[in-house]
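Right, one structure below, let's go through it.
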Ligand SMILES: Nc1nc2c(ncn2[C@@H]2O[C@H](COP(=O)(O)OP(=O)(O)OP(=O)(O)O)[C@@H](O)[C@H]2O)c(=O)[nH]1
Ligand SMILES: [Mg+2]
């Protein structure tokens with residue numbers, strides 16, 4: 001009988017390093033939202049890649065996208081940070097994703113802590129499309145001085161350049177064992193959560209300043225329609241009263257634009273027609289509310 005392999009691979013790094021972009025690239029589908037703004041990812045999302053090794057073994061690579069590592073201020077932030085380190089500790093391989101253009105300062109402290117928390121750290125220098133080649137080697141060397149990285153990769157998650165090499169190396173590095181997911185399953189993210197995330201992505205892209213960080217989105221109802229479409233209602237909660245008016249916009253223009261774009265993306269992701277209704281509400285202090293965070297799968301370590 002041929003050998004089967006299965007392992008958990010965590011993507012850890014500073015905010016905006018490109019973890020979610022890489023996650024989506026390795027998966028071949030856009031499952032985790034990615035935006036130019038820092039602290040986009042809040043959930044621990046798993047995506048499953050099946051891959052045959054050169055030796056003909058069937059490898060299941062369970063990728064785990066994680067929130068970025070940053071200095072926490074709020075309970076939400078602390079919970080995101082705790083989720084990130086817990087993910088790194090659980091994983092068989094922890095990929096430190098470093099923005100090659102941002103340089104050493106952001107990534108080094110994460111590398112140092114990773115050395116103490118994970119069995120098998122690998123380094124991924126991302127965004128090599130933005131950096132002159134001669135700058136990459138010194139950066140890789142410096143980070144390798146901060147943690148005992150078993151392997152180092154240089155790639156562009158945005159263009160896909162180098163991503164294939166990483167998958168090729170990950171597959172045979174997975175521990176021997178049975179697969180955890182049925183072969184057709186791509187993710188552990190429920191469709192309701194994916195819909196809410198795609199709305200939140202548009203809030204990140206279509207608003208400025210503090211608003212993205214002060215917003216959370218929840219799917220409130222999900223109704224199957226006789227024609228095969230789905231009717232989704234989602235609540236967009238803001239933390240401060242002034243933000244509600246800004247998010248709604250003049251005559252409702254902004255929230256309509258957010259909903260229009262999100263609807264198209266949700267329909268693409270679900271591969272079916274979608275009706276989407278958004279409601280904006282004020283939920284002062286939601287980002288400090290333990291129960292609210294628990295519904296996002298986040299837990300404040302205290
Ligand atoms: N040029 C270039 N841009 C990239 C690359 N990878 C990611 N980006 C961009 O970097 C920004 C951040 O990407 P994300 O994937 O959201 O970063 P992240 O590490 O998941 O960020 P958080 O979830 O906030 O921790 C986005 O605008 C991406 O398009 C890359 O290889 N090259
Ligand atoms: Mg992310």
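Only the coordinates and a few stated rules stand behind these numbers; no lab work does. These numbers come from a predicted model, not from an experiment. Please note: Cβ atoms are built from the backbone with ideal geometry, for glycine as well, and neighbour counts cover all protein chains shown.
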Two-decimal Rg/Rh across region 4-173, once Rg and the Kirkwood Rh are taken from alpha-carbon atoms: 0.94
Whole-Å distance linking the alpha carbon centroid of region 6-51 with that of region 203-222 is 19
Please report the spacing between the Cα centers of region 262-302 and region 71-135 in Å, no decimals. 26
Got a sec? How would 86, 127 order by Cβ neighbour count within 10 Å, fewest to most? 86, 127
At residue 288 and residue 270, where each label point lies 7 Å from the Cα along Cα→Cβ, what is the point-to-point distance in nanometres? 3.6
Using the per-residue mean of other Cβ atoms lying within 10 Å as a proxy for protection, in what order, highest first, do the peptides 248-259, 113-124, 203-214 fall? 113-124, 203-214, 248-259
Determine the relative contact order of region 191-295: mean sequence separation of Cα pairs under 8 Å and six or more apart, normalised by residue count, in whole percent. 29
In terms of the Cα gyration tensor, with a ≥ b ≥ c the square roots of its eigenvalues, is region 118-221 rounded because a/c is under 1.5, prolate because a/b exceeds b/c, or oblate? oblate
Quick one: 154, 80, fewest Cβ neighbours within 10 Å first, how do they rank? 154, 80
Using Cβ contacts closer than 10 Å as the measure, can you line up 129, 92 from fewest to most? 129, 92
Quick check on packing: order 228-238, 56-66 by the mean number of other C-beta atoms within 10 Å, highest mean leading. 56-66, 228-238
Alpha-carbon Debye profile of region 191-295, log10 I(q)/I(0) at 0.10, 0.15 Å⁻¹: -0.26, -0.59
With the crude spin-label approximation of a point 7 Å out along Cα→Cβ, what separation in nm comes out for residue 222 versus residue 299? 2.3
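For the chain, what is Rg from Cα atoms divided by 2.2 N^0.38 Å, rounded to two decimals? Numbers along the way, then the final one.
Values: Rg = 19.8 Å, N = 302, 2.2 N^0.38 = 19.3 Å.
Here the Cα radius of gyration is 1.03 times the empirical estimate.
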Rounded to 5, percent antiparallel among DSSP beta bridges of the chain: 40
Once you place label points 7 Å from the Cα toward the Cβ at residue 209 and residue 113, how far apart are they in nm? 3.0
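Using a Förster distance of 22 Å, how high is the FRET efficiency between residue 73 and residue 37, based on the Cβ-Cβ distance and rounded to 0.05?
Details: r = 16 Å, r/R0 = 0.73.
With R0 = 22 Å, the Cβ-Cβ based efficiency is 0.85.
At R0 = 30 Å, how high is the FRET efficiency between residue 57 and residue 130 if r is their beta carbon distance? Nearest 0.05 is fine.
On the way: r = 36 Å, r/R0 = 1.19.
The formula returns an efficiency of 0.25 here.
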Could you give the angle, 0 to 90 degrees to the nearest 10, between helix 253-270's Cα long axis and the longest principal axis of the Cα atoms of the chain? 50
